[in-house]
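One structure is given below, encoded as structure tokens.
The values are calculated or read from the model by the stated rules, or taken from the named source; none is laboratory data. Predicted model only: the values in this text are computed from it and were never measured. Here Cβ is always computed from backbone atoms with ideal geometry, including for glycine, and neighbour counts include all displayed protein chains.
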Amino acid sequence: MQVIVLTNDVLKEELLNNGVDTETELAFISAPQEFLNYPKAFACIDLLFENDEERLHMLKQITTPVIINSVQHTLHETNFSFIRINAWPTFLQSNLIEASASDEKKQKAEIVFAQFNKKIEWLPDEPGFITPRVISAIINEAFIALEEGVSTKEEIDKAMKLGTNYPYGPFEWANKIGIKNIASLLTKLSLSQRRYSPSSLLMRQAQ
């Protein structure tokens, strides 16, 4: 089985952290156009996906299953033939991957991620899935607390790790995920649910 992956070093390490089936042939590429060089691949994984017209036009030309790292943008906004996953930094290293896809695509996606010793949790095609929504909201609250002078970044991070046993504090997590990613998701979610409204401090740091 050949799987083509567009990624960076961080996400590559997370994808491979549980090992790979010995019969899987992996090809790592550095530009999305290179997917077209592998027409007989079993699947293509775009971990650096960006929702722009040029990228979508290119990916739609691929006849094999296309898996995109798209936390914010739904299949309705990209393409219903894609398989959408949560591969934000730190989440891809999990044994369980949050994903959305049409019923006809689910089995192939499960086969692909089984090669990496990962299972899929199928979720509705909603912005943010579940875990990114929760973590983004926690990060937002941390920025609000910092802006209001409740405590320092270091103290908030320490309190969250000790109090909740989270692997990272909210500010550490925001830096790993990317503050722009957090701000973008919160902004989108806040259009229908005001509780997700991003703090002004978070928005300033995301610029």
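Figures for the structure shown
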| read-out | value |
| --- | --- |
| Close pairs from the stretch 104-120: first under 14 Å from N86 (Cα atoms), partner exposed (fewer than 15 other Cβ atoms within 10 Å of the Cβ), Cβ under 8 Å, at least 6 apart | F113/K119; K118/N18; K118/N95; K118/L96; K119/N95; K119/L96; I120/L96 |
| Qualifying residue in the stretch 126-133 (condition: among the charged types (D, E, K, R), surrounded by 13 or more Cβ atoms within 10 Å (Cβ to Cβ) and either in contact (Cβ under 8 Å) with a residue 60 or more places away in the chain or under 22 Å from L96 (Cα atoms) (or both)) | yes |
| Test: residue in the stretch 111-120 that is surrounded by 22 or more Cβ atoms within 10 Å (Cβ to Cβ), of a type in the set (A, V, I, L, M) and under 21 Å from T131 (Cα atoms) | no |
| Subset of the stretch 40-59 [surrounded by 13 or more Cβ atoms within 10 Å (Cβ to Cβ) and either in contact with a Gly (Cβ under 8 Å, 6 or more places away or on another chain) or acidic (D, E) (or both)] | D46, E50 |
| Those residues of the stretch 53-79 which are touching a Lys or Arg at 6+ places or on another chain (Cβ under 9 Å) and not β-branched (V, I, T), in sequence order | P65, N69, S70, Q72, H73, L75, N79 |
| Residue ranges of helices (runs of 4 or more DSSP H) in the stretch 90-166 with at least 3 members acidic (D, E) | 103-114, 153-164 |
| Unique residue being within 25 Å of P132 (Cβ to Cβ), part of a loop (DSSP other than H, G, I, E, B) and aliphatic (A, V, I, L, M) when the list is L56, L48 | L48 |
| Residue selected from the stretch 173-196 under the condition without any contact (Cβ under 8 Å) to a residue 40 or more places away in the chain and more than 17 Å from the chain's Cα centre (by Cα), by the criterion surrounded by the most Cβ atoms within 10 Å (Cβ to Cβ) | S190 |
| Residue list for the stretch 151-171, restricted to those being of a type in the set (D, E, K, R) and surrounded by fewer than 19 Cβ atoms within 10 Å (Cβ to Cβ) | K153, E154, E155, K158, K161 |
| Residues of the stretch 197-207 classified as assigned to a helix (DSSP H, G or I) and either buried (at least 19 other Cβ atoms within 10 Å of the Cβ) or touching a Phe, Trp or Tyr at 6+ places or on another chain (Cβ under 7 Å) (or both), total | 2 |
| Residues of the stretch 66-85 that turn out to be closer than 20 Å to I111 by Cα and crowded, with 22+ Cβ neighbours inside 10 Å, as a count | 8 |
| Any chance F49 is at pLDDT 95 or above and either acidic (D, E) or more than 30 Å from P167 (Cα to Cα) (or both) | no |
| Residue list for the stretch 1-34, restricted to those being surrounded by fewer than 18 Cβ atoms within 10 Å (Cβ to Cβ), of a type in the set (V, I, T) and either within 18 Å of the chain's Cα centre (by Cα) or not assigned by TED's automatic domain parsing to the domain that holds N79 (or both) | V10 |
| Residue check for N37: surrounded by fewer than 20 Cβ atoms within 10 Å (Cβ to Cβ), farther than 24 Å from A174 by Cα and not charged (D, E, K, R) | yes |
